[in-house]
Amino acid sequence: MKKMRLFAGTILVFFLLVTGAGAAGPDTAGPIKIGLMGNMSAPFSLSAKGAATMAVDEINKAGGIQGRPVKLIVEDTKGEIPKCVEIYKKLVMNDRVLAVFIAEKVEMGVAGMEIGAELFPEYPHVFFCTIGSGDDIWHRVRDNYKKYRFGFQTYYAISTNYLKILAPDNIDCFKNQIKAKKVAIVYEDMEWTKPLRKGIPGVSDSLPGIYRAKGLNVVYETTTSLDQKMFNPIFEAIAKSGADLIDCVVGYIDQPAFIKQWSQSSARNIPVFIWGGLAGMPPAWKMTEGKVTGVMVGSSLVRVPITPKTIPFMDNLVKNYKVGPIFGSHTTYDTLYGFKKAIEKAGTTGNIDQLIKQLEQVEEVAVLGSIGWHPQYHYNLPPPKYITPIVQWQNGEMKVIYPLKYKMADYKSPQELRK
């Protein structure tokens, strides 16, 4: 009998290991734990932390999720990938969080997603990259859904959307608002700009190719490193090219230096459009000593009521959480509400695959439109579902000039605004 029991026990252990039935499933009672990590010396991660804290406070004040409170566990990666991996393991294995939020650049998101894929079979959970753009997150879901199905990319700025949706929007703004015909393009040398520079085989032409096909003449292109501080040679070359618009596919370069040097160069009267980053944040006015006047930029930090949540979110974040609403804060806040709705639809936190299926179907009113995820690839709903307006700095303020639905002011030339 002892031998038979020992044999049966051995078979049971083997069965549990093979089937995963012995895996540590998510808690179905007590607080719903969510881990958030980021570089807490960086403004975007600090803003995301404030937004996540605000969402959790609001959700708990309203009764939690299915009557369970939400507990937010915040960790600092210090911008280091090994630290990110270490924290991810701690959150999933020790803290037993239901979800991990990485509020940092896409490289951190990729590192987290890889360790998450290793842990997922034994520690089922969900992962959200709430700031990182580019294609490295959703490509993993597309190429190996079974392995990476737990991962979701909340920031909508993927290359396919840039090229197929945002590029045509830019063209509409450039041609009809600014009356531009000849464009100079400045890229920063980062992963997210590579598909725009080279195109996506079988999916889309490059950004210059799209511009040319739509009637814009690309007269100059260059790529600058993140370390570059001297931009005058670029502006002098652009001035000689005959361009009547400078399209800056940048977000992380030294924008105060870039803008100040533009304002004093031979290209100072050529309109500048910047895709994102510091130029779209309120401190840009002081940091450029007002030289940002006339600059256009994609910015989510403007007081225009895209949804009923937009203005209250901005005001509450600044007043009660003492951080500005930088781009990653909106997506982090919205993700928590999309996640809440998916849990409620799933009816439980105990079945991760059921929760994943609900995340693939959810759509919820968000700060800048609607939050939701592509059912196959898990990236955020693209424009016009989720919107980043084009603003122009006029008289010390950012004014929406596009889309026309949210327009606050007409476009004005840099020289006119400097008068």
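The values are calculated or read from the model by the stated rules, or taken from the named source; none is laboratory data. Keep in mind that what you see is a predicted model, and the values were worked out from it rather than measured. Counting neighbours? That spans all protein chains shown, and the Cβs are built from the backbone with ideal geometry, glycine included.
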Cβ-Cβ under 6 Å pairs, at least 6 apart or on other chains, the range 28-42 side farther than 19 Å from T332 by Cβ, far side in a loop (DSSP other than H, G, I, E, B) and at pLDDT below 95: T28/G350
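Residues that are surrounded by 24 or more Cβ atoms within 10 Å (Cβ to Cβ) and without any contact (Cβ under 8 Å) to a residue 40 or more places away in the chain, at least 1 per element: which strands (runs of 3 or more DSSP E) completely within the range 83-167 meet that?
On the way: elements: 99-102, 126-129, 151-153.
Hits in the range 83-167: 126-129.
Yes/no matrix, rows are residues, columns are (1) farther than 29 Å from I326 by Cβ; (2) among the charged types (D, E, K, R); (3) surrounded by 21 or more Cβ atoms within 10 Å (Cβ to Cβ):
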position: D172; (1), (2), (3): no, yes, no
position: W192; (1), (2), (3): no, no, yes
position: I200; (1), (2), (3): no, no, no
position: Q228; (1), (2), (3): no, no, no
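Among helices (runs of 4 or more DSSP H) lying entirely in the range 254-368, which contain 1 or more residues that are in the same structural domain as L207 (by TED's automatic domain parsing)? Spell out the reasoning first.
Details: elements: 255-263, 284-287, 310-321, 327-346, 352-359.
Hits in the range 254-368: 255-263, 284-287.
Among the residues of the range 21-35, is there at least one that is part of a helix (DSSP H, G or I), modelled with pLDDT of 95 or more, within 29 Å of K105 (Cα to Cα) and touching a helix residue (DSSP H, G or I) at 6+ places or on another chain (Cβ under 7 Å)?
Going through the range 21-35, the residues part of a helix (DSSP H, G or I) turn out to be none.
Within the range 21-35, not a single residue is part of a helix (DSSP H, G or I), modelled with pLDDT of 95 or more, within 29 Å of K105 (Cα to Cα) and touching a helix residue (DSSP H, G or I) at 6+ places or on another chain (Cβ under 7 Å).
So, in the range 369-411, of the ones that are of a type in the set (S, T, N, Q) and assigned to a loop (DSSP other than H, G, I, E, B), which residue ends up farthest from G298 (Cα to Cα)?
Within the range 369-411, the first condition is being of a type in the set (S, T, N, Q), and the residues that meet it are 370, 376, 380, 388, 392, 394-395.
Subsequent filtering for residues that are assigned to a loop (DSSP other than H, G, I, E, B) retains 376, 388, 395.
Values: Q376: 28, T388: 6, N395: 18 Å.
Across the range 369-411, the extreme among qualifying residues is Q376.
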Cβ pairs under 8 Å, 6+ apart, first in the range 47-75 and assigned to a loop (DSSP other than H, G, I, E, B), second among the aliphatic types (A, V, I, L, M): G64/I32; G64/V70; Q66/I343; P69/I32
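Residues in the range 305-318: is at least one touching a His at 6+ places or on another chain (Cβ under 8 Å), at pLDDT 95 or above and of a type in the set (F, W, Y)? Reasoning before the result, please.
Initial filter on the range 305-318 (touching a His at 6+ places or on another chain (Cβ under 8 Å)): 313.
Keeping just the survivors that are at pLDDT 95 or above gives 313.
Still in the list and also of a type in the set (F, W, Y): 313.
Checked the range 305-318: at least one residue is touching a His at 6+ places or on another chain (Cβ under 8 Å), at pLDDT 95 or above and of a type in the set (F, W, Y).
If the requirement is being free of Cβ contacts under 8 Å to residues at least 40 places away in the same chain and within 23 Å of the chain's Cα centre (by Cα), which of these qualifies: P389, P403, P375, P383? Step through it out loud before you land on a result.
On the way: P389 fails: free of Cβ contacts under 8 Å to residues at least 40 places away in the same chain; P403 fails: free of Cβ contacts under 8 Å to residues at least 40 places away in the same chain; P383 fails: free of Cβ contacts under 8 Å to residues at least 40 places away in the same chain.
Selected residue: P375, the only one of P389, P403, P375, P383 that is free of Cβ contacts under 8 Å to residues at least 40 places away in the same chain and within 23 Å of the chain's Cα centre (by Cα).
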